[in-house]
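Below is one structure, written out as C-alpha cells; comments come after it.
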Amino acid sequence: MEPEKTGLDACVRCGICTQACPLSQQSQNFPGPKLSGPDAERFRLAANASEPRGSDLCFGCQQCELSCPSGVKVARMNQSAKAARAGEAGLSLATRLMINSGTMNQVASPFSGIVNPTIRNPLVRRVMEGCIGITARRPFPEIHGARFRRWAGKRKRREGKAPGVNRQIAYYFGCFTDLNAPSLGKSAVRCLEGLDWEVVVPPQGCCGIPRIASGDMKGARRQAKKNSKLMGPVFESDLPVVFTSPSCGLALKREYRELFPEFAGRDYPRPDRFRDLFELIQNDPDLEEKVSRFQPVKGRAFYHAACHLKALGIGFPSVELLRRVPSLEVIFLDAGCCGLGGTFGFKKPYYSLSMSIAEGVQNAIRRVNPDYVLSECEMCRMQITHVTGLPAFHPLEILDRALTGS
Amino acid sequence: MSSYDLVVVGGGLAGLITALSAQSKGMKVTVVARGEGSILLSSGCVDLLGYVPGDSLSPVLDPLEGIRKLALENPEHPYVKAGEEMIEEAVAFLLEQLSGAGLAYCGDIRRNRWIPTASGNYRITALVPWGMSAGAMPHDNGSGIPGKTLIAGLRGYRNFSPELVAAGLAHSAPGQEYRSGWIDLESEFHGGFRAPVGLARLLDRQEVMSRFISALETVHQGEELIGLPAVLGFHDPEGCRRALEEGLKAKVFEIPCLPPSVPGCRLADGLKQRIQLQGGYVEQGFPVVDFESRGNQLLCLRTEYKEYRAPAFVLAMGTLFGKGLVADRADIKEPLLDLPLSIPFQQEKGVSTCFLDPQGHPVGSVGVETDNRFRPRDNNGGRSFDNVWITGDLLAHHNPYRDKSGAGVALVSGYLAGLSAAGAL
C-alpha cells in the first residue's frame with residue numbers, strides 16, 4: 001500500500017503545527033491541530049469514532065497546514081473534525097445567526113438608518129449577549145443602505161485601454177464589501193480602471209466561507225453551489241476573477257475544488273484564474289509604467305498579514321506594490337493571527353480568548369508605532385482597530401490615493 | 001512580477017542566515033519555505049562542532065581546533081571550503097543579528113559548553129542563549145554545576161520531569177547536589193493542552209510571573225542555582241529571568257525541552273523578524289515544485305500558486321526532513337534540480353546497524369557537490385548553475401548528526417553564500 005503523502009502517513013509528529021496554532025498558544029481547551037488532526041485520524045479510520053472534545057474550537061486559520069514541514073493537510077483534517085462535531089452536536093444559536101449574517105444584513109440594509117443605532121445600543125447588545133450569546137464587548141460593522149451590488153449594476157463600465165489586448169476582469173466583491181463597506185468596492189473598481197482594466201461585476205452570491213469555517217458543510221455546499229451557478233458564465237469564460245477579500249479568494253480558489261468536487265470539478269476554473277487585486281497588478285506586464293503613475297502618500301503604515309492571505313500562497317503583493325508609493329513607509333512584521341477568526345471572537349465565551357490571541361499583533365504594532373494599519377481582511381481590520389484603537393485600511397484604499405492623488 | 005535580487009528556498013537556519021547575509025549587502029530577498037524550518041526542533045543553541053569522527057566519540061573542547069583537525073581528514077568539509085576567517089566572521093555576524101533581534105547569546109569559537117537538557121543529560125554546544133548559560137558545565141573537569149541546584153518542574157507541563165533531570169545530572173557529575181521539586185501554578189497550567197510557546201507567552205505577563213515567583217519560593221530551599229524548563233517568557237525571556245533571579249536571590253537557568261522548543265521558536269522568530277524589518281519577506285506553506293532554466297542560469301522557481309524570478313537563488317531545504325533530498329531503498333535524489341550528489345556508501349549500507357555508531361550513519365553525509373563558494377558542481381567538475389548556491393545540511397561531505405555541527409555549517413555556508421550571491425566576495 002502506497003503511503004499517503006498528505007495524510008496520516010506523512011505526519012512525523014513533530015508538533016510544529018500545534019506550536020503554530022493561535023488557539024494552542026492561548027487556550028488549554030483546544031486539543032491542538034496534531035491531536036485533532038493526524039493523531040485522531042487513526043480512530044476516524046475505525047468506524048464510530050467520536051471527535052476529540054474541544055476540536056470544534058478550530059476557526060480555520062490554516063496556520064497549522066502552512067507551518068507543517070511534511071506536507072500534511074492538517075487544516076483539512078481539523079476542518080473535517082469540526083464538521084463532524086457540528087453534525088453530532090449541532091451549531092450554537094450565535095453561530096447559526098452569524099453564518100446567516102449575509103442574509104440578515106441584506107434584509108436589514110434598507111432599514112440601516114434604524115438598524116445601525118439599534119445594534120450600537122449597549123442595552124440591546126447586552127440583551128443579545130444574554131439571549132443569543134453574541135458578545136456585547138465588540139462593535140458590529142455598520143450596515144449600508146446603498147449596497148455595492150446596486151451601484152455596480154447602475155454604473156457605466158469604462159472600457160479597458162489598449163484595444164486588442166484582453167484587459168477584462170470580473171470582480172468578486174464579497175458580502176462585507178456589498179453590505180458593510182461599499183466604498184471599498186468603488187475604490188477597487190476605480191483602482192482597476194485607473195490601471196487600464198475593464199471591470200465586469202457579474203452576478204454572484206456569498207462565497208460560503210462562514211459556513212465552511214463553522215462546520216456547516218451542508219449549508220456551505222448549498223451556498224457554494226448557488227454562487228457557482230451565478231458565476232457560471234464568468235467561470236466558463238477566461239476572465240480572471242479578482243477578489244479583494246482573502247477569505248472569499250480562498251473559498252473560490254481552493255476550498256470549492258477540494259471540498260465540493262461534484263460541482264467544482266474538472267471544468268472549474270484553475271487556481272490561477274482567481275487573483276487577489278494586488279496579485280493581478282503585480283503580474284501586469286506593464287507594471288513599471290503603472291508604478292510611474294503613483295503619487296506620493298505620506299504616512300507610516302503597519303501591514304498585518306491575514307491568516308487567509310498567507311493561505312493563498314501568493315506572498316505579499318500589496319506590500320511589494322505599496323512600498324513603491326513615494327513617501328509611504330510600509331513596515332511588515334508577521335506577528336501571527338489577529339484573533340478574531342471570522343465569527344469566533346464575536347461569540348461570548350470566546351471573546352477573551354480572541355483578545356489574548358491578539359496580544360502578539362498588538363505588541364508588534366506598539367513596537368512599530370504606525371499612523372495606521374493595513375490588511376486585506378475585513379475581520380483583521382475590525383479586530384486590530386478594536387484592540388489598538390488605530391484606524392485600519394485595506395491596502396487598496398492607499399493605492400486609490402496614490403492613483404488619484406486624493 | 002515581484003522583483004527580488006535573491007530567492008532563498010528553505011526556512012531553517014541556513015535559509016534565514018543566507019537571507020540576512022545577502023540583506024547586509026543590500027539585496028532584496030524573499031525566503032520561500034514549505035513550512036517551518038528545523039530551528040523549531042532544535043534546542044535554540046548553535047552547535048559549531050561537537051565531535052571529531054573516529055573510532056570512539058571524543059568530544060571537542062575547542063571547536064576551532066577541532067575544525068583544523070577535520071581539515072586534515074576531510075578537505076571537502078564545508079568548514080574547510082569556507083576557511084577559518086569566514087567561520088569567525090559568520091559567528092560574529094550571527095551574534096550581531098541575534099542581538100539586534102533582542103536575543104542575547106553568548107559563547108565563542110574556542111570553547112564548547114555542556115548544557116543540561118530535559119533528558120537528564122548534557123549536550124555539547126558553542127553558542128548558547130544567556131538564559132541557559134548559568135547551567136553550563138565546565139567542560140574540563142566534569143564536576144557539574146558548582147553549588148547546590150534545584151531543578152523545578154511545572155505541574156501541568158508534562159514534557160519536563162525534574163526528577164529525571166536531577167538524577168541524570170547527579171549521575172554525570174557525582175559529588176554535586178541536585179534536588180528536584182514541583183511548582184504548582186493552578187488554573188492556567190492544569191490539565192490543559194496549551195502548547196509550550198503558550199506557557200512562555202503566559203509568563204510574559206507580569207501578573208502571572210509574580211505568581212510563578214511566589215510558587216517557586218515555596219519550593220526553593222536556598223539553593224544557589226535553579227534550573228527550570230525553557231518556557232520562561234517568549235517576547236522578553238531576559239526580563240523574565242531577571243525577575244526570577246531578583247525574586248529568588250539565586251541564579252536561574254533554562255533547560256531545553258522536547259521539540260518544538262521555545263528557545264528554538266524565539267530564535268526562528270527573531271531571525272524572521274529581522275529579515276522582515278529589513279524589507280525582506282518570509283513566505284511559508286508551499287513547496288517549490290518546478291523550475292525554468294536556460295543553460296547554466298536558473299531563471300525561475302515555481303510553487304503551486306506563485307512564480308519567483310530572480311538573478312540568484314539559494315537552496316537551503318536541508319535533507320530528508322525538509323525534502324531537500326528524497327530517498328527510497330534504492331536511491332537518493334535531489335528532487336528539484338536533480339543536482340549531482342555525493343553518496344559515500346553502497347546501496348542499502350547508508351544506515352549502520354548500530355544506532356549510536358560513533359562513525360555515524362553514512363546517509364548523514366549525503367549532499368550536493370559544490371565548489372568553494374558552495375555553487376553546485378556538475379558531473380564533469382564544472383558548475384551546474386552559475387547563479388545557484390547550496391547551504392546547510394544539503395551540502396555534501398559533512399555529517400551534522402554525528403559531528404554536532406549542523407547549525408554551524410548552516411551558519412557559515414549561509415553567510416558565505418549570501419555574500420557571494422551579492423557579489424561581495
May I ask you to say which residue of A:I134, A:I143 is touching a Lys or Arg at 6+ places or on another chain (Cβ under 7 Å) and among the aliphatic types (A, V, I, L, M)?
-> A:I134
Kindly list the number of the only condition in (1) part of a helix (DSSP H, G or I); (2) in contact with a helix residue (DSSP H, G or I) (Cβ under 6 Å, 6 or more places away or on another chain); (3) of a type outside the set (G, A, S) that fails for A:Q204.
-> (1)
Hits in the stretch A:20-38 (condition: free of Cβ contacts under 8 Å to residues at least 24 places away in the same chain and more than 23 Å from the chain's Cα centre (by Cα)) | A:Q28, A:L35
B:P237 vs. criteria closer than 23 Å to B:S119 by Cβ, within 12 Å of chain A (Cβ to nearest Cβ), modelled with pLDDT under 95 and open to solvent by less than 30 Å² (accessible area, probe 1.4 Å) | no
Selected residue (criterion: nearest to the other protein chains (Cβ to nearest Cβ)) from residues of the stretch A:69-84 that are more than 20 Å from A:R257 (Cβ to Cβ) and open to solvent by less than 20 Å² (accessible area, probe 1.4 Å) | A:P69
Do we find a residue being free of Cβ contacts under 8 Å to residues at least 12 places away in the same chain and among the β-branched types (V, I, T) anywhere in the stretch A:163-177?
-> yes
Within the stretch A:295-337, which residues are facing another protein chain (nearest Cβ under 9 Å), under 15 Å from the mean Cα position of the chain (by Cα) and either touching a residue at least 12 places away in the same chain (Cβ under 8 Å) or not in a loop (DSSP other than H, G, I, E, B) (or both)?
-> A:K310, A:A311, A:L312, A:I314, A:F316
For the stretch A:233-247, what are the residues that are closer than 17 Å to A:V200 by Cβ, open to solvent by 10 Å² or more (accessible area, probe 1.4 Å) and not in a loop (DSSP other than H, G, I, E, B)?
-> A:P233, A:V234, A:F235, A:E236
Select from the stretch A:105-131 the residues that are surrounded by fewer than 16 Cβ atoms within 10 Å (Cβ to Cβ) and over 20 Å from A:K348 (Cα atoms) and list them in ascending order.
-> A:V107, A:P110, A:F111, A:G113, A:I114, A:P117
Scan the strands (runs of 3 or more DSSP E) fully inside the stretch B:1-117 and keep the ones with 2 or more residues being within 14 Å of chain A (Cβ to nearest Cβ) and within 30 Å of A:G315 (Cα to Cα).
-> B:6-9, B:29-33
Within the stretch B:328-343, residues being in contact (Cβ under 8 Å) with a residue 24 or more places away in the chain and part of a loop (DSSP other than H, G, I, E, B) number 5
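For (1) within 13 Å of chain A (Cβ to nearest Cβ); (2) closer than 23 Å to B:E369 by Cα; (3) touching a Pro at 6+ places or on another chain (Cβ under 8 Å); (4) among the polar types (S, T, N, Q), each residue gets a yes or a no:
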| residue | (1), (2), (3), (4) |
| --- | --- |
| B:V289 | yes, yes, no, no |
| B:N296 | no, yes, no, yes |
| B:E304 | yes, no, yes, no |
| B:R309 | yes, no, no, no |
| B:F321 | yes, yes, yes, no |
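The values are calculated or read from the model by the stated rules, or taken from the named source; none is laboratory data. It should be emphasised that the depicted structure is a prediction, and the values quoted were computed from it without experimental measurement. Here the Cβ is made from the backbone with ideal geometry for all residues, glycine too, and neighbour counts use every protein chain on show. Side chains are part of the model used for accessible areas, which takes the heavy atoms of the whole protein and leaves out ligands, DNA and RNA. Shrake-Rupley method; radii C 1.70, N 1.55, O 1.52, S 1.80 Å.
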